[in-house]
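Q: Would you mind keeping the following structure in view while I ask a few things?
The values are calculated or read from the model by the stated rules, or taken from the named source; none is laboratory data. Remember, predicted model here, so these are calculated numbers, not experimental data. No Cβ is skipped: glycine too gets one built from the backbone with ideal geometry, and neighbour counts run over all protein chains shown.
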Amino acid sequence: MEKLSKIAQRYASVPGNEKRFAFAGQPDSIIWKHFKKGDEAAFIYIYANYFNELLGFGFRITSHIGIIEDAIQDVFVDLRSRHTPLPNLKVSIKAFLFKALKNKILAYCKRDQKQMAVADKFWDPGFNVSKSIEDKIIDEEGNGQIARQLRNFIASLTRREREIIYYLYYQKMSYEEIKEVMNFDNVKSVRNLLYRSLSKLKLKFN
């Protein structure tokens, strides 16, 4: 498979790319407001700022590069072609894009049973453990054996449990953002699932 960095390079050159800096440091609500009005610079900023994250996120769902590329393209084509009817931003641009991409990829995968079987596992094979998760759960650093055990334990969790750990610890999403991406009714449900997921991991270490 082509390396992630090489794939991203194909999309790094965007016409008018320098315009994105006009929105650097601006709140998402301001960027989204300009984008909805048809500001091309706002679109360029969103594209340049989130493309690599979306690409990496796509690989968490499926290893099929064609599906990932098509889904990302669909997300940005949809954004560009119908910015006026878009809803007001609920939480963040990142949460909006992740939710949109997740839905696009799963829609593509549903057309292929083999791809759907892989996608439904959601980060099961090759789940990489970040130091933040290790510190949170076991309060210990530099232990390769524990890291390997933790990877195996995470793989034993349900898809939703693995998914919420990914959003919180890898993507540093807030509970509100996770609620949006995972379609929870309220933040309490996010906290409950996270507590259940971490509790399972802690029990395995006891």
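Q: Pick out the one residue from 55, 89 that is at pLDDT below 90 and either crowded, with 17+ Cβ neighbours inside 10 Å or farther than 19 Å from residue 31 by Cβ (or both). Break it down into steps so the answer makes sense when it comes.
A: Working: 55 fails: at pLDDT below 90.
Among 55, 89, only 89 is at pLDDT below 90 and either crowded, with 17+ Cβ neighbours inside 10 Å or farther than 19 Å from residue 31 by Cβ (or both).
Q: Yes or no: residue 105 farther than 24 Å from residue 22 by Cα and touching a Ser or Thr at 6+ places or on another chain (Cβ under 9 Å)?
A: When the stated conditions are applied, residue 105 passes them.
Q: So which residues in segment 186-206 are without any contact (Cβ under 8 Å) to a residue 24 or more places away in the chain, of a type outside the set (A, V, I, L, M, F, W, C) and touching a helix residue (DSSP H, G or I) at 6+ places or on another chain (Cβ under 8 Å)?
A: Those that are without any contact (Cβ under 8 Å) to a residue 24 or more places away in the chain, of a type outside the set (A, V, I, L, M, F, W, C) and touching a helix residue (DSSP H, G or I) at 6+ places or on another chain (Cβ under 8 Å): 186, 189, 191.
Q: If a residue must be among the hydroxyl-bearing types (Ser, Thr, Tyr), at pLDDT below 90 and not in a helix (DSSP H, G or I), how many such residues does segment 142-182 contain?
A: Residues in segment 142-182 being among the hydroxyl-bearing types (Ser, Thr, Tyr), at pLDDT below 90 and not in a helix (DSSP H, G or I): 2 in total.
Q: Any chance segment 183-202 includes a residue that's modelled with pLDDT under 85 and within 19 Å of residue 53 (Cβ to Cβ)?
A: no
Q: Look through 95, 107 and report the one residue that is modelled with pLDDT under 95, assigned by TED's automatic domain parsing to the domain that holds residue 66 and within 29 Å of residue 31 (Cα to Cα). Write out each step before concluding.
A: Values: 95 fails: modelled with pLDDT under 95.
That would be 107, the only listed residue that is modelled with pLDDT under 95, assigned by TED's automatic domain parsing to the domain that holds residue 66 and within 29 Å of residue 31 (Cα to Cα).
Q: Can you tell me which residues in segment 23-44 are surrounded by 15 or more Cβ atoms within 10 Å (Cβ to Cβ) and farther than 21 Å from residue 181 by Cβ?
A: Once the filter is applied, which keeps residues that are surrounded by 15 or more Cβ atoms within 10 Å (Cβ to Cβ) and farther than 21 Å from residue 181 by Cβ, segment 23-44 yields 23, 33, 34, 39, 41, 42, 43, 44.
Q: If you take the residues of segment 54-100 that are touching a helix residue (DSSP H, G or I) at 6+ places or on another chain (Cβ under 7 Å) and among the acidic types (Asp, Glu), which of them is farthest from residue 181 (Cα to Cα)?
A: In this case the residue turns out to be 70.
Q: Ok, one more. What do you reckon, is residue 120 among the acidic types (Asp, Glu) and modelled with pLDDT of 85 or more?
A: Criteria not met by residue 120.
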